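Single-structure report; data block below.
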Amino acid sequence: MIKAGIIGSTGYVGEELIRILLRHPQVEIIKMTSKSFSGKVYSDVYQSYLGLCEIECTDEEVEQVAIEVDVIFMALPHGIASKNLNDAVLAQTKVIDLGADFRLTNKEVYEDWYSTEHHNAELLKNAVYGLCEWNREEIRKTSLVANPGCYPTCSILSLAPLLKEGILEKDSIIIDAKSGISGAGRSLNLGTHFAECNESIKAYKVATHRHIPEIEQQLEEISGGTINISFTPHLVPMNRGILITTYGRLTEIVSYEEISTIYNKYYGEEFFIRLMNKDIYPETRWVKGSNYCDIGFVIDERTNRVIIVGAIDNLVKGAAGQAVQNMNIMFGLDERMGLTGIPLVR
């Protein structure tokens, strides 16, 4: 059994991790930390776990937890992991960081976009970007995985095959993204209060969202060229889910069948990526509560653009589910283990 610890267990992502790991046949949760609820039993924080998870939350530091577990999931905001992770911790245990501290390979780029200091640039060269379907072999060998952001996961998975094959103009990519409110986290914020969000939809952080350099960095690595995207996220009044609509100009005239062949080349054997049939486009309800990423596309012959629609659950494939998928790969398990639940739909 893999002994697991969750740092930041009472946030939305931490709770989703608990939900998944409790059903995992090869994992035992040993430690759960929470600064806000230290000393409380987990089922007192989330009554849905009554009789299912009676572990007491502690405020132990990462170094203490590392001594007792085989893997640590760090479900914390950016700026914390880089202060607390070091070679000594990684010599004791594997770490999957669900924050942003190790996603960007350039310290200066991170500090510019996140407006905070990175405290351990040396570890950046050891971290592996945990997009499972593209970096599987590197993930197997590492002790530190940078779990991708939710928007980047859906955006990169949707675009990568076409950029890899060179049929998209690299300076033409526009990503229109929409997310449920849980993506903003559990902390109180006026912008995510019910009365502020219900019956409304809004764009936010237009042209300035912190996931832009992450998306560009990974697409550049995959395509081998400079990528500049236009990315606009929107907040929609639903609990969970991400839907992205991506536009890219084609470098040549291609048929639906040719693009379909490209997607099947890269994703035909991927369990968690589902390619939609022609004229069917993903919906967030079809992936709700699951680790699936659904992708559909259409060619706009009039403009010579391809329009790609992708959908994930931001808390699962966009966070906790992908983290567990990464853990499975790191420990040599079937990466589907604990993650094969059917989407909730409603």
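The values are calculated or read from the model by the stated rules, or taken from the named source; none is laboratory data. In this text, all values refer to a predicted model and were calculated from it rather than measured experimentally. Note that each Cβ is placed from the backbone with ideal geometry, even for glycine, and that neighbours are counted across all protein chains shown.
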Residue satisfying all of: in the stretch 47-56; touching a residue at least 24 places away in the same chain (Cβ under 8 Å) and more than 15 Å from I6 (Cα to Cα); surrounded by the most Cβ atoms within 10 Å (Cβ to Cβ) among these: Y49
The listed residue being at negative phi, in a loop (DSSP other than H, G, I, E, B) and either modelled with pLDDT of 95 or more or surrounded by fewer than 24 Cβ atoms within 10 Å (Cβ to Cβ) (or both), out of G79, G99: G99
Pick from the stretch 20-46, criterion touching a residue at least 60 places away in the same chain (Cβ under 8 Å) and not in a loop (DSSP other than H, G, I, E, B), ranking: farthest from the chain's Cα centre (by Cα): V27
Test: residue in the stretch 172-185 that is surrounded by 15 or more Cβ atoms within 10 Å (Cβ to Cβ), out of contact with any Lys or Arg (no Cβ under 7 Å at 6 or more places or on another chain), among the small types (G, A, S) and assigned to a loop (DSSP other than H, G, I, E, B): no
Any pair with Cβ under 7 angstrom, 6 or more apart, that starts in the stretch 293-306 at a residue that is among the basic types (K, R) and ends at one that is at pLDDT 95 or above: R305/Y247; R305/G248; R305/R249; R305/L250
Residue satisfying condition, being over 20 Å from the mean Cα position of the chain (by Cα) and not charged (D, E, K, R), within set N147, N106, N120: N120
Unmet requirement for W286, which otherwise passes all of (1) closer than 19 Å to L344 by Cβ; (2) touching a helix residue (DSSP H, G or I) at 6+ places or on another chain (Cβ under 7 Å): (2)
Qualifying position, being touching a Leu at 6+ places or on another chain (Cβ under 7 Å) and of a type in the set (S, T, N, Q), among T261, T303, T284: T284
Matching option when the condition is in contact with a Cys (Cβ under 7 Å, 6 or more places away or on another chain) and either assigned by TED's automatic domain parsing to the domain that holds I295 or crowded, with 18+ Cβ neighbours inside 10 Å (or both), among C154, C132: C154
Members of the stretch 196-255 found to be more than 21 Å from G130 (Cα to Cα), under 17 Å from the mean Cα position of the chain (by Cα) and part of a helix (DSSP H, G or I), listed by number: none
So V71, is it in contact with a helix residue (DSSP H, G or I) (Cβ under 6 Å, 6 or more places away or on another chain) and within 28 Å of S143 (Cβ to Cβ): yes
Members of the stretch 118-174 found to be among the β-branched types (V, I, T) and under 23 Å from L243 (Cβ atoms), listed by number: T153, I156, I173, I174
